[in-house]
1. Do we have any residue at all in the range 211-223 that's out of contact with any Cys (no Cβ under 8 Å at 6 or more places or on another chain) and of a type in the set (Val, Ile, Thr)?
2. Select from the range 344-370 the residues that are surrounded by fewer than 18 Cβ atoms within 10 Å (Cβ to Cβ) and within 16 Å of the ligand (Cβ to nearest atom) and list them in ascending order.
3. Starting from the range 186-197, take each residue that is in a strand (DSSP E or B) and list its partners that are of a type in the set (Gly, Ala, Ser) and more than 10 Å from the ligand (Cβ to nearest atom), counting only C-beta distances under 9 angstrom and pairs at least six apart or across chains.
4. Which of the residues belonging to the range 8-41 are within 16 Å of the ligand (Cβ to nearest atom), among the hydrophobic types (A, V, I, L, M, F, W, C), over 18 Å from Ser80 (Cα atoms) and not in a loop (DSSP other than H, G, I, E, B)?
5. When the range 209-260 is examined, which residues are found to be among the hydrophobic types (A, V, I, L, M, F, W, C), more than 16 Å from the ligand (Cβ to nearest atom) and under 14 Å from Val395 (Cα atoms)?
6. So which residues in the range 127-181 are over 30 Å from His28 (Cβ atoms) and either of a type in the set (Val, Ile, Thr) or within 16 Å of the ligand (Cβ to nearest atom) (or both)?
7. Go through the range 146-167 and give me each residue that's among the basic types (Lys, Arg) and touching a strand residue (DSSP E or B) at 6+ places or on another chain (Cβ under 7 Å).
Amino acid sequence: MSTSDTLPQSIRYCVIGAGIHGLSTAWHLARELKARGTGDGSDIVVIEKSEAGAGPSGIACGVVRNNYFQPAMRELMAHSVEVWEANTEAFEYHPVGYLQISYDEMRDDVATIHEQQQAIGYESVFIDGEAETHAYMKGIFDDWRATGVTSVLHEKKGGYAHNMATVNALLAKVEAEGVSVVAGTLVTELVVDGGAVTHVVTRRGTESMTIAVDHVVAAAGPWVPKLWEMLDLPDTTDIVVGDRTFTEPTWKFWALQEGTLGVDPGYLMNNDGDMPPVVHVDADATLCDEDGNVLVEGKWGIYYKPDFNFGGVQGGYMPYRVEKPWREVAIDPYGPASPDFIVGEDFRAVWAAALSHCQERFEGKASLMSHAPSGGIGAFTPDSFPVFDTFCDNVYVIADSNHGFKMVGVGALVARELCGDTQGLLEPFRYSRYALGKLHPESNSPYPWS
Ligand SMILES: Cc1cc2nc3c(=O)[nH]c(=O)nc-3n(C[C@H](O)[C@H](O)[C@H](O)COP(=O)(O)OP(=O)(O)OC[C@H]3O[C@@H](n4cnc5c(N)ncnc54)[C@H](O)[C@@H]3O)c2cc1C
């Protein structure tokens, strides 16, 4: 990766983190400054502790969907899909669409999502009923056999992108705008004076350096809680619901379990021999392995797609909450985004059984599950929806609550806010929503981010 080795002594905009949000923000900010005649890429530095894509942006499954029960999330995703579509080739984005196949209890939520997608002009089809669902899916995959599902939402837009191709394309765009990306440099302290951050303290090896800054963008993915702590922001958050107030930890971690079945990705083509949409199944049928042993009683969910980057059929299972305070999860707060504990044999067995539950072609294939490290951790906010907001006067925090590879367009909106133009699409994601009781509606999905 081509980066600058030298940190400036002072800079207008210091972006912390070269993941999807830091890079997208730096790219769009450079263009905004230029268009407004108020600066350019040389006013921005991106500081990255490791290298671009070292966090979840470089390990994400890369699924891009609109399927959200929360109207504000859908509108934000629709905006990001436009950014994906405008950069299809550079980002190696596959606009194959997305299938949400659901159990009965989710039916009404998904029907509502479909209605509201029509209202915002986001093309989708809704299939209702068990037999209709089976027939629709058979029309895509002739070996479809899932039980415990009664509806399909087929989003015609969305799909998935190659994670590192997107990161590298963003990096190239950022550098083409004249932004310096300084890798291998850890931000260790944010010096607050008079209410605002005046200096960012960094460390590279044993060398420490302090930069004077006008603005900071905290885009550190699952390490955002560490920057939050540096700003002395609260460990807990009060959430007002009606006339009651609940106090929640500001940050919690979930472990995302993902993996790859080592078959030729072409193994999952559709009936026409084309790349199929991303498949997401939430079922309430008992899940057994091929010897008839019960693996899951009740609800379960998986997602999968053929992926030439991961080299097989890749996807994931429902995440699990890491029941520890965030400081203990992040024993090394600067450690890897994909610690060893994320996936094990349980995940591989359940995921392979779920694939086989859905499609006959996966029968007897469990032994092909890859043992390569997979999955990662995400830092979630009190309500598991993003916080995009300014703290300490001049620190813009991008805490996407792990929704975010698909949100490549958020950087464009943040860039406009940094230039003084408030963005309506970001308003529902302010931190003040907790105290004001302006929460997003909750769905019946088993995922913390749907
Ligand atoms: C296994 C997995 C699968 C996922 N799949 C999907 C998906 O299919 N679709 C989707 O939309 N989202 C997905 N996500 C979520 C998505 O990947 C993240 O929400 C998104 O990538 C976060 O981007 P970011 O730029 O905020 O953070 P990151 O990608 O984590 O980038 C932050 C960067 O900041 C650097 N950094 C951190 N602290 C410091 C510091 N103090 N000093 C300097 N640098 C620092 C890190 O090294 C890192 O490179 C997935 C997440 C995981 C873990």
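The values are calculated or read from the model by the stated rules, or taken from the named source; none is laboratory data. Since we're looking at a predicted model, the values are computed, not measured. A quick note on method: Cβ atoms are made from the backbone with ideal geometry, for glycine too, and the neighbour counts reach across all protein chains shown.
1. No, the range 211-223 has no match at all.
2. Matches in the range 344-370: Gly344, Ser370.
3. Final answer for the pair search is Thr188/Ser208.
4. Within the range 8-41, Ile11, Cys14, Val15, Ile16 qualify.
5. Ala212
6. If the condition is that a residue be over 30 Å from His28 (Cβ atoms) and either of a type in the set (Val, Ile, Thr) or within 16 Å of the ligand (Cβ to nearest atom) (or both), then Ile127, Thr133, Ile140, Thr147, Val149, Thr150, Val152 are the ones that fit.
7. Correct list: Lys156 only.
Let's see how each residue does on (1) surrounded by 18 or more Cβ atoms within 10 Å (Cβ to Cβ); (2) touching a Leu at 6+ places or on another chain (Cβ under 7 Å); (3) modelled with pLDDT of 90 or more:
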| position | (1), (2), (3) |
| --- | --- |
| Leu268 | yes, no, yes |
| Leu295 | no, yes, yes |
| Gly312 | yes, yes, yes |
| Gly315 | yes, no, yes |
| Pro325 | no, no, no |
| Gly335 | no, no, no |
| Asp340 | no, no, no |
